[in-house]
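Notes for the one structure printed next.
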Amino acid sequence: MQLTFSTTVCPDLLLPDALNVATEAGFNRIELFRTFSESSPVHADTSVRMVRERLDNAGVTLTGLNIRNITGRNSSKDERDLRYNMRQVEWDIHLSRALRLQCANLKGGDRTEEAREDFITGIN
């Protein structure tokens, strides 16, 4: 069995530090989160190439990327906007591919009837 290190155990660490914790604990696989942790591959001062290089230099394989929640709302306007959210999901899928990942986690977002309906509509 091969285990993956989840950065949820060290949510305040940036990617280089999270990779150190993972490798010191004996892991060679890691799961990153688009939100909820500072080790997110999305930072103003970090490029996709830098993330790949950091993973390669640490000898760690990215095995999962938990993308942002699908809520059906445009976060900047707090309006229901399924098309906007689907573009956000498409962006996260492109990010996953650029990071050489083969799968990503989807989550329905807020536990509301509206979010559930939009999630189902968006997937279909």
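The numbers here are math on the coordinates, done by the rules we state, and not lab data. Nothing here was measured: the structure is a model prediction, and the numbers come from that model. Neighbour counts run over all protein chains shown; Cβ positions are idealised from the backbone, glycine included.
Work out, step by step, the length gained on full extension between L3 and L99: first 0.36 nm times the residue separation, then minus their alpha carbon distance; give nm to one decimal.
32.6 nm
Just name one of N74, F5, G59: the one whose Cα is farthest towards the positive end of the charge dipole of the chain (beta-carbon charges, Lys/Arg +1, Asp/Glu -1).
It is G59, whose Cα lies furthest towards the positive end.
Which listed residue (I93, N20, S47) has the Cα farthest towards the positive end of the charge dipole for segment 6-99, taking +1 on Lys and Arg C-beta and -1 on Asp and Glu C-beta about the Cα centre?
Value computed over the given set: I93.
So I have (i) -0.41, -0.63, -1.14; (ii) -0.64, -0.88, -1.27; (iii) -0.43, -0.68, -1.28, and one of them is log10 I(q)/I(0) by the Debye sum over Cα atoms at q = 0.11, 0.14, 0.21 Å⁻¹ calculated from this model. Which one is it?
Of the listed options (i) -0.41, -0.63, -1.14; (ii) -0.64, -0.88, -1.27; (iii) -0.43, -0.68, -1.28, (i) comes from this structure.
Based on other C-beta atoms within 10 Å, arrange F27, F36, F5 from fewest to most.
So the ranking, lowest neighbour count to highest, is F36, F27, F5.
Can you tell me the 0 to 90 degree angle between the C-alpha axis of helix 82-98 and the longest principal axis of the chain, rounded to 10?
Its long axis makes an angle of about 20 degrees.
Taking 0.36 nm per residue of sequence separation and subtracting the Cα-Cα distance, how much length would be gained by fully extending the chain between H43 and E114, in nm to one decimal?
Between H43 and E114, full extension yields 22.6 nm more.
Stretched out fully, how many nm does the piece from E53 to A25 gain, at 0.36 nm a residue minus the Cα gap?
8.0 nm
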